[in-house]
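Step one of this worksheet: look at the structure below.
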Amino acid sequence: MKGFSRNGLKGNRLKVLTEEEVLQVHQKSLKILAEGGIQVRDKEVASLLQGKGAVVVPGSDIIRIPEELVEDSLKKSPSTFSLYDRLGEERMLLGGEEVYARVPGGATKYLDPVEGKKRTPTLEDLANIIKVADALPNIAGVSVFPTVPGDVPIEKVDIFSFETAVKNTTKPLFYVCHNEGLLD
């Protein structure tokens, strides 16, 4: 088979930054988390973070996370973990030496392959993209939103898109909720 196997491109870890640059990004990230903080709207998550030493900015949903909490959490985190498909087969070992390709998400326009014209994507387009991704052996995972279908109610686009993805692939799905408050 030409290309790389379904198990990832071995021994070719993508390195965009030098070790020094990675350290600089890490140090600046620690500073941002400790001094600026992050917005946490979920009260249970905020409470858990506070219990570990994070500080809520009074009158807001901003939480400042001290450097020690971040570093301690990183030490306790595994250096690798696996993603499995819906059939229970391991598909990706993240953090290892393999490089994987997946279908990204978020396109709000679609180039119709028959008409050759740009248009708003439909749920059928979404299903077709996911079916193609499912059939490609070098694609390890699929976004729930390769396109954002415009023919379903926007307040339910997450539900329709997730259902479409689950019906058309068994590969690991990558999902970002577009409808704030929908799952409350």
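When the range 100-132 is filtered for residues that are more than 18 Å from Ala165 (Cβ to Cβ) and in contact with a Ser or Thr (Cβ under 8 Å, 6 or more places away or on another chain), the ones remaining, listed by number, are Lys109, Thr120. Scanning the range 109-121 for residues that are more than 22 Å from the chain's Cα centre (by Cα) and outside any strand (DSSP E or B) yields Asp112, Pro113, Val114, Glu115, Gly116, Lys117, Thr120. Taking the criterion of being open to solvent by 70 Å² or more (accessible area, probe 1.4 Å) and in a strand (DSSP E or B), the only residue of the range 97-108 that qualifies is Arg102.
Report, ordered by the first and then the second residue, all pairs with beta carbons closer than 6 Å, sequence separation of six or more or different chains, a first member in the range 41-65 that is surrounded by fewer than 16 Cβ atoms within 10 Å (Cβ to Cβ), and a second member that is in a helix (DSSP H, G or I). Final answer for the pair search is Lys52/Leu69; Gly53/Leu69. If you go through the range 113-135 and keep only what is charged (D, E, K, R) and within 11 Å of Pro149 (Cβ to Cβ), you end up with Glu124, Asp125. Pick out the one residue from Val40, Val45, Val56 that is more than 20 Å from the chain's Cα centre (by Cα) and hydrophobic (A, V, I, L, M, F, W, C). Unique residue meeting the criteria: Val56. Output yes when any residue across the range 68-79 is part of a strand (DSSP E or B) and either open to solvent by 50 Å² or more (accessible area, probe 1.4 Å) or free of Cβ contacts under 8 Å to residues at least 12 places away in the same chain (or both), and no when none is. No - not one qualifying residue is present in the range 68-79.
The values are calculated or read from the model by the stated rules, or taken from the named source; none is laboratory data. Values in this document were obtained by computation on a predicted structure and should not be read as measured data. Because the Cβ atoms are built from the backbone with ideal geometry, glycine has one as well, and the counts that use them run over all protein chains shown. We work out accessible area using only protein heavy atoms, side chains counted, and drop any ligands, DNA or RNA first. Shrake-Rupley method; radii C 1.70, N 1.55, O 1.52, S 1.80 Å.
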